[in-house]
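The values are calculated or read from the model by the stated rules, or taken from the named source; none is laboratory data. Because the structure is predicted, anything quoted here is derived from the model rather than measured. Counting neighbours? That spans all protein chains shown, and the Cβs are built from the backbone with ideal geometry, glycine included. Calculation scope for accessible area: heavy atoms of the full protein, side chains included, ligands and nucleic acids excluded. Shrake-Rupley method; radii C 1.70, N 1.55, O 1.52, S 1.80 Å.
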Amino acid sequence: MKISLILFAGLLSATSVSQVCGQSRRLAAGDLYIRDPFVVADAQKGIYYMYGSRSQAGREGETRGGVAVYKSRDLKTWEGPQQVFTVPEDNWITGAVWAPEVHRYNGRCYLFATLNSDIEWKKKQAGWPAYTFRGTQIFHADTPEGPFLPFDRVPHTPPDWMALDGTLWVEDGTPWMVFCHEWIQMTDGTMEAVQLKPDLSAPAGRPLRLFCASSAPWAPEGRESYVTDGCFIYRTRSGKLLMIWSGFSDKGYAIGIAESVTGKITGPWKQQPEPLFNQDGGHGMIFRTFDGKLCLAFHRPNGGGAERAHFLELEDTGETLTVKQELK
């Protein structure tokens, strides 16, 4: 999810030029730079929508965060980008968008977007990223192609938290947002859940802590900090409630699995001993292909400007998830 400021500046410049020129082209998956890919499979249209961050040039040289979608019929060749969202000028913050997710709920589409700013509001710890305003906000649209509009101009996560990577889970008819409380603020990053109003317009209570990043057996001991990233909820064929999420193992960026002991979003949650994937890739989500394959989408590697979307076929054993092979 995270990206260096120098790399971000270069990417921001490139995406702004692309937007001004109105470029839209066909790209092989291996040529498409993207972090935190999120895929919506529209079986009726036969289209896969993949969402990624894409800032836009604004007035007087300013930039505002945004989201673009790429479209494909085979997960190999993608057409785009098509801008589906730009942060409103009067929003609480208007900087880069991270980890966009689009969920269908009650006949509409909802964009969960992590918004960023360069406004520092607490002293920076030596060697750490700046402590800035960051949070998840939800936007709504009629279709997966937007345009996505705000409910309000404020975040759905607590404004005094550095929060990110919100995702939707609906349980017994009640919508919840699961999200990460940033390690920069917490040192040991946490996973949180907050109940939402029925129309997703705002939180319906205070967040509930689910677990800390250091609780994973695969998280190296003795670290200065522990990261929680990229949560996504999945119920297995036998009814077990799992969460995939990302942090750092001794081999780099990784995807782990947590299981709710009660089968409810409120937990308690226990960590599986080994990560699902630990080869410098993460921030995953799960979808089904049009031919019924269970698929994990994530980015790899985790930096250097070489990030690409990868797709692995998964097996749902009933007890857990395992990687079968690269999607073919």
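Worth pointing out:
- Residue satisfying all of: in region 189-222; surrounded by 13 or more Cβ atoms within 10 Å (Cβ to Cβ) and acidic (Asp, Glu); farthest from Ser260 (Cα to Cα) among these: Asp199
- Residue within region 305-323 that is more than 27 Å from Glu182 (Cα to Cα) and either touching a helix residue (DSSP H, G or I) at 6+ places or on another chain (Cβ under 8 Å) or open to solvent by less than 10 Å² (accessible area, probe 1.4 Å) (or both) present: yes
- Here Leu149 passes the criteria (1) of a type in the set (A, V, I, L, M, F, W, C); (2) closer than 20 Å to Arg54 by Cα; (3) out of contact with any Pro (no Cβ under 7 Å at 6 or more places or on another chain); (4) open to solvent by less than 10 Å² (accessible area, probe 1.4 Å) except the one numbered (4).
- Some residue of region 236-245 being open to solvent by 30 Å² or more (accessible area, probe 1.4 Å) and of a type in the set (Phe, Trp, Tyr): no
- The lone exception for Phe248 - which of (1) at pLDDT below 95; (2) buried (at least 20 other Cβ atoms within 10 Å of the Cβ) it fails: (1)
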